[in-house]
Amino acid sequence: MTMPSTSRTRSQQWFERSQQSLVEGVNSPSRGAAVFSPGPVFLERGRGSHVWDADGNEYIDCMMSFGALIQGHAHPKLVEVVSQTMAQGSHFAAATSAEVEAAERLRRMVPSAEVVRFTNSGSEATMLALRLARAHTGRTKFLKFEGHYHGWYDPYLLNAHSHAPEKLGPPENPARMPDSKGIPAAIFDDVVLAPWNDVAALERVMKQYGRELAAVITEPIMANMGCILPRDGYLKQLQSLAQQYGALLILDEVVTGFRYAPGGCQEYYGIQPDISTFGKALGAGFPVGAVAGPRSILDRMRWSEDMVLHYGTFNGHRLTMKVVAANLDLLSVDGAYQKLHAVGNVAISGLREVFRRRKLNAIVQGFGPMFQIYFTDRNAIHDYRDYCTYVDTHLYSRFVHRLLERGIYMTPSNGLHWIISTAHSEKDVAVLIEAADLACTDLR
Ligand SMILES: Cc1ncc(COP(=O)(O)O)c(C=O)c1O
């Protein structure tokens, strides 16, 4: 049975009040009125796969903190670890056994991780990865792909947002569109932009710039235009092209890490990055990131006059490190990933069936623990340009707002994705499918 959420009075009152103290009433535009109409739902508590808002309405959470909550809300083991650790002191900014134990577990799960450096967010991890790559290669330029988001560090903020198709320019020479004001134009002189999922295009770009590149950075699954899968063999070809030109491959697994397999997408697709970045699911709801790779690269951070500098009061935060270790232990239990995939696949096939029955042109793209719905006439969305050209993001937003009224919590932004955590059950999926079916009534 779906759970219709009736009143939003308290959320609206909080939203009015929040405008006095916070810009747009929130701490990131993706949480406010730019996405939620007429304003955001204020969430007050969560347990397992469910959340409750300020008006007491209950929802099944399918956004899961943009994917951070791989164990759902308030997992009993993590609550216990946090309470015990907190009672002993949350952080010392000193060497601790907690950070060693967290790093050991990460190394066990991710074969390319010879050594690890923890940061406080995915953005910090990708910043550090680029600095390491530049120091290691002695080169300055790097290649990023259209529509990929790697956090809010200046040089990554080129063509990370979607735009009207007529603004994109030709794929062989994409129009360069900064995502933020306040970034000196010269920063982007070092950024080479290429379309993703297109080997021929990448070969052309590498031929021109490959020898100047410190790194090629990519998401393994494009997770900031919904959920766009790499074409068969694409990531392997990308890896070998980077290698051929002496550019490091930075695999940004901030979204995909610890989600598809113990070793993330690099395990799933059989690729060996030079540097990997993690975040989100690593911390099961606590703010953390990580850079992992071989000693030959990460050892450049060792103290010396020539070191790559990476400081941070909160690096290896003790409380967070305890959560990371406990989270990775939970994910290492037999069957954890099978369950994530099985529940996700039931949701995906159920939603596909709803759209088929309702005769709506919609596809569900992805597999297992992460997927996205696109209202489109196409059979698949393969890249940024497909997303900008063929996806009806307004219809998606309407659909999700209807789901919010029926007890399903999700962001109406089509650029994000549906997340299955270990807390979700097939019962939750059945509720989602029923709500989705009702939300489709007279949708167009
Ligand atoms: C692929 C990718 N990399 C990096 C980041 C930045 O992570 P954070 O938001 O923790 O700074 C994100 C955030 O959504 C992301 O999707």
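Miscellaneous remarks
- Restriction of the GluC sites (Glu not before Pro) in region 251-346 to DSSP coil positions whose beta-carbon has at most 10 other beta-carbons within 10 angstrom yields E305.
- Considering only G264, P171, I228, and ranking their Cα positions along the charge dipole of region 76-331 that arises from unit charges at the beta-carbon of Lys, Arg, Asp and Glu, the one farthest toward the positive end is G264.
- Region 27-69 and region 266-286 have Cα centres separated by 25 Å.
- Taking other residues whose beta carbon is less than 15 angstrom from the beta carbon of E114, and scoring Lys, Arg as +1 and Asp, Glu as -1, yields +4.
- Computed on region 327-444, with alpha-carbon pairs under 8 angstrom and 6+ residues apart, the relative contact order is 29 percent.
- If both residues of a DSSP beta bridge must be in region 76-331, then about 40% of such bridges are antiparallel.
- The order of F258, F92, going from fewest to most other C-beta atoms within 10 Å of their C-beta, is F92, F258.
- Net +/- balance of residues flanking V354 in space, Cβ distance below 11 Å, scoring K and R +1, D and E -1: +2
- Mean residue ellipticity, 222 nm, helices only, the chain: the sum of -39500 (n - 2.57) across DSSP H runs of n ≥ 4, divided by residue count and rounded to 500, is -11000 deg cm²/dmol.
- Centre-to-centre, using Cα atoms only, region 102-168 and region 290-343 are separated by 15 Å.
- Qualifying trypsin sites (Lys or Arg not before Pro) in region 213-305, where qualification requires a DSSP coil assignment and no more than 11 other C-beta atoms within 10 Å, comprise R302.
- Exposure proxy ranking, count of Cβ atoms within 10 Å, fewest first, for L106, L360: L360, L106
- Cβ-placed point charges (K, R +1; D, E -1), dipole of the chain about Cα centre in debye, nearest 20: 120
- With neighbour counts taken as other beta-carbon atoms within 10 Å, the residues D252, D299, D232, D442 rank, fewest first, as D442, D232, D299, D252.
- Assigned charges on the beta-carbon of Lys, Arg, Asp, Glu; region 76-331 dipole about Cα centre (debye): 160
- The DSSP beta bridges internal to the chain are antiparallel in roughly 60% of cases.
- Selection of GluC sites (Glu not before Pro), region 18-105, meeting DSSP coil and at most 16 other Cβ within 10 Å: none
- Ordering L69, L403, L340 by the projection of their Cα atoms onto the charge dipole of the chain, which places +1 on the Cβ of Lys and Arg and -1 on the Cβ of Asp and Glu, puts L403 at the extreme positive end.
Since every read-out is calculated from the coordinates, none of them should be taken as a lab result. The model shown is predicted, which means the values in this text are computed figures rather than measured ones. Backbone-built Cβ (ideal geometry, glycine too); neighbour counts: all protein chains shown.
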